[in-house]
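Step one of this worksheet: look at the structure below.
The values are calculated or read from the model by the stated rules, or taken from the named source; none is laboratory data. Just so you know, these numbers come straight off a predicted model, no measurement behind them. Note: ideal-geometry Cβ built from the backbone for every residue, glycine included; neighbour counts use all protein chains shown.
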Amino acid sequence: MFWFYKSVATYLGQTLGVETHITQSQYDPLQDPMMLQDQIDIAFICGLPFVQLNRIIPGQLQALVAPVMQANRYQDVPVYFSDMIVKASRDFSFDDLAGKTFCYNDPGSNSGYNLVRYKLMQSQYPSNFFGKVMQSGSHQRSIQLVVEGIADCAAID
């Protein structure tokens, strides 16, 4: 997705006639010094950290747009799903992931972390359902870890 963010930044720069610079923060949005000190003009941020930051610093952030994906399941509305990805050549079920390594991007991510936790609780899976749980820092990195076989699965939006 980083290519997409770069494309949006380039488009905005050309359209508005301003210089743009895009970086991927190494910090959780709730701990990002630049975010907390109001040094960012535009950010791509997940919904949950957006709401949490607005509670910490009311009025600092304003939602401008939300993506509307083109697949039929989105029904032309700005909604997202969390897809569990695996490196597999066969069909699998969620139950097949028992004891496997789950990789998530960030504990503040609804799609990458909290929806999986919700699924585990709602389906009454044990707290140790996954054999190992690891944080990657981004959806892109989670995908890479699954491709490399370091993680068995990851939740991606």
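Observations, loosely collected:
- Candidates 127, 89, filtered to the one that is assigned to a loop (DSSP other than H, G, I, E, B), at pLDDT below 90, under 29 Å from residue 152 (Cβ atoms) and not assigned by TED's automatic domain parsing to the domain that holds residue 24: 89
- Boolean, residue 23 is β-branched (Val, Ile, Thr), assigned by TED's automatic domain parsing to the domain that holds residue 152 and either under 30 Å from residue 152 (Cα atoms) or over 20 Å from the mean Cα position of the chain (by Cα) (or both): no
- Of the residues examined, residue 93 is one that is loosely packed, with under 12 Cβ neighbours inside 10 Å, closer than 26 Å to residue 132 by Cβ and either touching a helix residue (DSSP H, G or I) at 6+ places or on another chain (Cβ under 6 Å) or of a type in the set (Ser, Thr, Tyr) (or both).
- Tallying residues that are in a helix (DSSP H, G or I) and either surrounded by 15 or more Cβ atoms within 10 Å (Cβ to Cβ) or in contact (Cβ under 8 Å) with a residue 12 or more places away in the chain (or both) within segment 52-73 yields 3.
- When segment 60-79 is filtered for residues that are more than 16 Å from residue 49 (Cβ to Cβ) and either of a type in the set (Gly, Ala, Ser) or touching a strand residue (DSSP E or B) at 6+ places or on another chain (Cβ under 8 Å) (or both), only 71 remains.
- Selection from segment 131-155 of residues that are surrounded by 20 or more Cβ atoms within 10 Å (Cβ to Cβ) and closer than 13 Å to residue 84 by Cα: 139, 142, 146, 151, 152, 153, 154, 155
- Residues in segment 98-115 that are modelled with pLDDT of 95 or more and surrounded by 18 or more Cβ atoms within 10 Å (Cβ to Cβ) were compared, and the one that is farthest from residue 29 (Cα to Cα) is 101.
- Look at (1) over 16 Å from the mean Cα position of the chain (by Cα); (2) of a type in the set (Phe, Trp, Tyr); (3) closer than 30 Å to residue 9 by Cα and you find that residue 104 fails only one, number (1).
- Evaluated against (1) farther than 25 Å from residue 47 by Cβ; (2) in a helix (DSSP H, G or I), residue 118 falls short on exactly one condition, (1).
- Condition check for residue 15: in a helix (DSSP H, G or I) and outside the structural domain of residue 146 (by TED's automatic domain parsing): yes
- Checking residue 48 against (1) touching a residue at least 40 places away in the same chain (Cβ under 8 Å); (2) farther than 30 Å from residue 16 by Cα; (3) of a type outside the set (Phe, Trp, Tyr); (4) touching a Gly at 6+ places or on another chain (Cβ under 6 Å), the condition it does not meet: (2)
- Qualifying residue in segment 118-125 (condition: farther than 25 Å from residue 12 by Cβ, touching a residue at least 12 places away in the same chain (Cβ under 8 Å) and among the basic types (Lys, Arg)): yes
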